[in-house]
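Chemist: Quick one: the structure is below, and I'll ask about it shortly.
The values are calculated or read from the model by the stated rules, or taken from the named source; none is laboratory data. Just so you know, these numbers come straight off a predicted model, no measurement behind them. So basically every Cβ, Gly included, is an ideal-geometry build from the backbone, and we count neighbours across all protein chains shown. Side chains are part of the model used for accessible areas, which takes the heavy atoms of the whole protein and leaves out ligands, DNA and RNA. Shrake-Rupley method; radii C 1.70, N 1.55, O 1.52, S 1.80 Å.
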Amino acid sequence: MTLAMQLPQAGLRRYGSLLSPMAWAALAVAAAVVLLSVFAPVLAPYDPDYVDLNNVLAGPGAQHLLGTDALGRDLLSRLMHGGRTSLLGPTIVVIGSTVLGLLLGLVAGWSEGWLGKVLGRLFDLLFAFPALLMAMLAIALFGKGLLAPILAMTIAYVPYVARLAQSLVVAERGRPYVQAYRVLGFRTPWVVLGRVLPNLIPTVGAQSTLNFGYVLADLAALSFIGLGVQPPTSDWGAMIEESRGALLGGYVLPAFWPALVVVLVVVAVNIIGEELSDRIGGKLS
């Protein structure tokens, strides 16, 4: 076999083994949940807010595949529509914290003077405030809903990305290719954004994937205690909170299904994030 034939096959083997079978299964679960949530208006069998008092707390059957809640609302439809709200919040938080964290980390890692030190102390200060606590403080100031905790958690997760980006930039700053660009007279913004930043994205992306699972669990917890998404909007955490009365009455399914979906998505995202961190981030950092 010639070298020209070996190289493509080696590349295929490398990328084919990038994820383990467990990670592929986790990716399939996450993709299925996202697709069902995005296309919920088309795929959901019922209106998620339709109240049917003749089918209160009905078990799984032909009409309602997962059963109904205490108001006779179809649980499958509410799960599918609830995914739109439950996944939107973490997506916004992860995108916002990743962009801000990358920018601040680039500045802190490249600056060798007082600016880098000040930003480093700022990151340490933000680390002292847990994300859930900041979200509860924001809710106390601005009221219940989704906007306040999203803004607070975006700020709370910035230092996780920024500190990682800063350490990576410090390592990249001393590499020969950066010194060569400096000697050749390339401008600093071009070197940082055009050459250093692309080397950070895989590792930072793996960390942000892990952050998604943490944010999803935090926002679901806020909705469960009544501080996040408010009824009648469908949301996985709110569905669990609404099912507490039924649970005390011995009806487990209205609380079981949303709790199961939250656990599955968080576990799936964590598996994907850890796999990417080990296989991609570890190689490129």
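Chemist: Could you please tell me which pairs satisfy a Cβ distance under 7 Å, a separation of 6+ or placement on different chains, a first residue in the stretch 26-55 that is more than 15 Å from residue 87 (Cβ to Cβ) and touching a residue at least 60 places away in the same chain (Cβ under 8 Å), and a second residue that is outside any helix (DSSP H, G or I) and open to solvent by 60 Å² or more (accessible area, probe 1.4 Å)?
Modeler: 49/232
Chemist: Of all residues in the stretch 207-252, which are part of a helix (DSSP H, G or I) and open to solvent by 60 Å² or more (accessible area, probe 1.4 Å)?
Modeler: In the first step, residues of the stretch 207-252 are kept if they are part of a helix (DSSP H, G or I); the result is 207-224, 236-242, 244-248.
Once the filter is applied, which keeps residues that are part of a helix (DSSP H, G or I) and open to solvent by 60 Å² or more (accessible area, probe 1.4 Å), the stretch 207-252 yields 214, 224, 244, 247, 248.
Chemist: Now for a separate question. Looking only at the stretch 61-107, which residues are charged (D, E, K, R) and surrounded by fewer than 20 Cβ atoms within 10 Å (Cβ to Cβ)? First the steps, then the outcome.
Modeler: As a first pass, look at the stretch 61-107 and keep what is charged (D, E, K, R): 69, 73-74, 78, 84.
If the condition is that a residue be charged (D, E, K, R) and surrounded by fewer than 20 Cβ atoms within 10 Å (Cβ to Cβ), then 84 is the only one that fits.
Chemist: Further, regarding this structure: Within the set of pairs 6 or more residues apart or between chains, which connect a residue that is outside any helix (DSSP H, G or I) inside the stretch 142-169 to a residue that is crowded, with 24+ Cβ neighbours inside 10 Å and of a type outside the set (S, T, N, Q) with Cβ atoms less than 8 Å apart?
Modeler: Going by the 8 Å Cβ cut-off, the qualifying pairs are 144/228; 145/228; 145/229; 146/89; 146/219; 146/228; 146/229.
Chemist: Here are 169, 215: which of them is modelled with pLDDT of 90 or more and of a type outside the set (Asp, Glu)?
Modeler: Details: 169 fails: modelled with pLDDT of 90 or more.
Selected residue: 215, the only one of 169, 215 that is modelled with pLDDT of 90 or more and of a type outside the set (Asp, Glu).
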